[in-house]
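Presented below is the structure to which this report refers.
Each value in this text was obtained by applying a stated rule to the coordinates, not by laboratory testing. Given the structure is predicted, the values throughout are model-derived calculations rather than measurements. Cβ atoms come from the backbone with ideal geometry, glycine included; neighbour counts cover every protein chain shown.
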Amino acid sequence: MFDTLTGRLGSIIDRLKGRGALTEADVKAALREVRIALLEADVALPVVKDFIAQVQEKAIGQEVLHSISAGQLVVKIVHDALVEFLGQEVVDIELKASPPVVIMMVGLQGSGKTSMTAKLGNYLAKKQKQKVLLASLDIYRPAAREQLRTLGQQCHIETLPILAEEKPLAIAERALQMARLEGYDVLILDTAGRLHIDQDLMNEVVAVRNLAKPTETILVADAMTGQDAVVIAKEFNEKVGITSIALSRIDGDARGGAALSMRAVTGKPLKLLGTGEKPDQLELFHPDRIATRILGMGDVVSLVEKAMESVDQAEAEKLALQMQKGAFTFEAMESQLLQMNKMGGISSLMGMIPGINKFQDKITQAGVNDSFIQRQIAMIRSMTKQERKDARLINGSRKKRIAMGSGTSVQDVNKLLKQHRDMSDMMKRMQKLGKKGFLRQGLQGLMPHR
Ligand SMILES: Nc1nc2c(ncn2[C@@H]2O[C@H](COP(=O)(O)OP(=O)(O)O)[C@@H](O)[C@H]2O)c(=O)[nH]1
Ligand SMILES: [Mg+2]
């Protein structure tokens, strides 16, 4: 799946060859391609719009490193946004409840529920060492229950014995009893589906839910589902309340849009992927792997990551060298500020520093935020070469000029100068601490004191 998306994004790389910061025009042009690619991949329109808006916000103004192209950077940004959209991390099937933990599979007919029931049962039994019971509540489709029994037998998982003429609720009741009496850890209920969403189906599923009180209600959907994905996901989530999503048939030629749409519309995590008809053809959902698969450009993404790392390292070493000479110039200060920006700005840096939460209020009070950093960079850029090397040159009229040039005030320039003094004092003290200590203190040194 995801082939068209991959092709589209490839052409973006070729076209965007610029250096420097990404301009709005660059980003807009690239995002037009991304938009078409997502629509071609069957991602629902409202989801596409949201996604594009998010990427745009992140991309504009990003600095392009020398060792990569603007196109490569855009791919990396799109990749990261995809990961965020798909849900950052792997979420396990929830088993924290008193046994038997009930898992209910819901979805349209033919979506792959019965197969997914067997796959999940097999996974929980083999990988998580759970004692699993499977039960089919599908009395409508001929031989639906036998289908589950056969699949169960293939992987040596117990299924509820089949009784003729039994209604779904009664089957659920009996399954619960058997699971309790015989000490099963997990009971998976495979419900019936209809070709289209209808009220009877929903009522039945809701009744089963109320009786069995599942810990997980997993919506199973065919990965080939196109624009319908949004309707299906919304409907099941609103009427039944789902806890997670499983996609079947990702081995087919599905374009993958359903994954993005369903996750975005429900906010519920994707957890399982069916990769074939057999009970062991199951993958846990890894957002980063899928994002990379969508882009088909894992190599580009890791290239950009490496480039970012090495540039940071080169910059840090250059700074350290300047520090050793005892000179903390505005150039050094600027490059430190730029690095902060590159790492996602002050807010994301804060998120990465353990224990920083305590100081969050103070930092906000002091007016330290991303636009504060931007203003500082602007002021430094309005200085002459000499001024950047020697702060003592900056007198009253120069301050006025710098303020004018950067769209700030003389007061702002004074603050910057004070901060630069504080930082260079600190840098001198810090030389003794070594590089690690320097980096840590260096960040703190950016905050205005008092
Ligand atoms: N290739 C492939 N076929 C699948 C997958 N999941 C289910 N199927 C097939 O799709 C058909 C319908 O699946 P089933 O589990 O019976 O759907 P249900 O009606 O929702 O229970 C069956 O022929 C399955 O073998 C999958 O991940 N890959
Ligand atoms: Mg079925």
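Centre-to-centre separation between the Cα atoms of region 368-422 and those of region 204-265: 55 Å. All other residues whose Cβ lies under 10 angstrom from that of T266 are scored, Lys and Arg at +1 and Asp and Glu at -1, for a net of +2. Centre-to-centre separation between the Cα atoms of region 156-181 and those of region 100-131: 15 Å.
Evaluated at q = 0.19 Å⁻¹, a Debye calculation over the C-alpha positions of region 101-285 (equal weights, vacuum) places log10 I(q)/I(0) at -1.33.
Neighbours of L176 by Cβ distance under 13 Å: Lys/Arg scored +1, Asp/Glu scored -1, total +2. Summarised in one figure, the compactness ratio Rg/Rh of region 66-144, Cα atoms and Kirkwood Rh, is 1.21. P(r) tail for region 170-265, what percent of Cα pairs lie past 21 Å? Above the 21 Å cut-off, region 170-265 has 39 percent of its Cα pairs. A simple packing score, the average count of other Cβ atoms within 10 Å per residue, orders the peptides 126-135, 38-47, 94-103 as 38-47, 126-135, 94-103, with the highest score first.
Here the 3J(HN,Hα) profile of region 203-209, calculated from phi with Karplus coefficients 6.51, -1.76 and 1.60 at θ = phi - 60°, is 4, 5, 4, 5, 5, 5, 4 Hz, Gly and Pro shown as x. Counted by neighbouring Cβ atoms within 10 Å, the residues T23, T114 run from fewest to most as T23, T114. Structural descriptor for region 17-130: relative contact order 27 percent, calculated from alpha carbon pairs under 8 angstrom and at least 6 residues apart. Packing, taken as the mean count of other beta carbons within 10 Å per residue, orders the peptides 151-161, 269-279, 186-196, 393-403 from highest to lowest as 186-196, 269-279, 151-161, 393-403. Computed from phi, the 3J(HN,Hα) profile of region 149-155 under the Karplus parametrisation 6.51, -1.76, 1.60 (θ = phi - 60°) reads 4, 4, 4, x, 4, 4, 10 Hz, with x in place of Gly and Pro. Among I380, I162, the ranking by other beta carbons within 10 Å of each residue's beta carbon, starting with the fewest, stands as I162, I380.
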